[in-house]
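Everything below concerns the one structure shown next.
Every number in this text was worked out from the coordinates using simple rules, so none of it is lab data. Treat the numbers as computed from the prediction; the structure is a model and nothing was measured.
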Amino acid sequence: AVVSTQSTGNLSMRASTRRLLQQFTPRETISPNPKSTSWFPGHMAKGLTRMQMMIKATDCVLEVHDARIPYTSRNRVANNSYGDKPRIVLLSKADLVPRDELDMACRRITALESRPVIPLVNSVRGVSRLRRVVRDGVSMAHADQLVAKKDSYLFFLSGLPNVGKSSFINTFKKEHDHSANKLPIGPEPGVTRNISNRVKILSSPPVYIYDTPGVNLPRPDSVDAAMKLAVVGAIPSKIPGHVETVDYLLYWLNRKGQYRYTGHCGLRGPTNNVYELLAYFARAKGLLDERGAPQMVIAANAFLRAFHKGELGRVMLEDV
């Protein structure tokens, strides 16, 4: 049999990659040194105050967590203001984490919160699930009030910045209000700065919802919490530092054995060195200055965008 030179080279490269993976040892711990950890602009303080005033008129709260950080993305300050209102926890971006870890996180949150937990994905099946979530919320509101069914219901959508709240509402705006503009969304946190007018999300029974600005804690519970929020885009990566944020993401990618980034960077194997990672990534993507040197901040932002799109593989940045 004749084996081509290319096939032999590919086999040799795969064998070399396997050896590098076997020899690689991920960092066991990380001690982030962020430039800052707090991001609580004025519109968040105003939004939180108004949310607390409006909650009394709400029939049900839909609390959105990011499935990549299902525990860290819970805002205890906002949640404490909901009192005994019926609540449903939604895990957005569930298609960006491994299914087994998602299932374990759902079970754990259900046990801790004693409320339904629904993972959401961006698909036709996901839209159908959203409708069921809203109907479940109506049922919970009716059971909670122990009164005759209402003519209409008002829901409240809550969550951190950039967690997917406006995307949730836009799904229904297309169906129930063709003349209305979509709510603005973007890759950076803080796009929604005010509580929107109520939006119809279900016709039978009529259900309306308010989109609210994402609200962070005035101060994250820990440095680790702040870094996780920066990685998923709940706070701007410039707050802790662009390179510092990528380093924290690299730590979790390696810890979870998710090495798809090596292909995006042109690395032969995984690395614990964020500067090596970004230098290779910048060269692979042509992110060089006029002297041919890697533009590290631009590369860091591009690497984070690749993670947000799911291009670096599925990973949860927490232990379940």
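Relative intensity of region 243-320 on a log10 scale, I(q)/I(0) at q = 0.11, 0.17, 0.25 Å⁻¹, equals -0.25, -0.58, -1.24, per a Debye sum over C-alpha point scatterers of equal strength in the absence of solvent.
Remark on ARG87: its backbone amide H falls under 5 Å from those of VAL61, a criterion applied only to residues 5 or more positions apart or on other chains, H modelled at 1.01 Å from N.
The phi-based Karplus calculation (6.51 cos²θ - 1.76 cosθ + 1.60; θ = phi - 60°) puts the 3J(HN,Hα) values of region 239-250 at 5, x, x, 4, 5, 4, 5, 5, 4, 5, 4, 4 Hz, whole numbers, x for Gly and Pro. Backbone geometry of region 279-285 corresponds, through the Karplus equation with coefficients 6.51, -1.76 and 1.60 at θ = phi - 60°, to 3J(HN,Hα) couplings of 5, 5, 5, 4, 5, 5, 9 Hz, x marking Gly and Pro. State which entries of LYS56/LYS228; LYS165/LYS256; LYS35/LYS238; LYS93/LYS238 exceed 20 angstrom in Cα-Cα distance in the structure shown. Violating the 20 Å limit, Cα to Cα: LYS56/LYS228; LYS165/LYS256; LYS93/LYS238.
For LEU202, the residues whose amide H sits under 5 Å from its own are VAL207, ignoring neighbours fewer than 5 places away on the same chain, with H placed 1.01 Å from N. Couplings 3J(HN,Hα) of region 130-140, computed from phi: 4, 4, 5, 4, 5, 5, 4, x, 4, 4, 5 Hz, in residue order, whole Hz [Karplus 6.51 cos²θ - 1.76 cosθ + 1.60, θ = phi - 60°; x for Gly and Pro].
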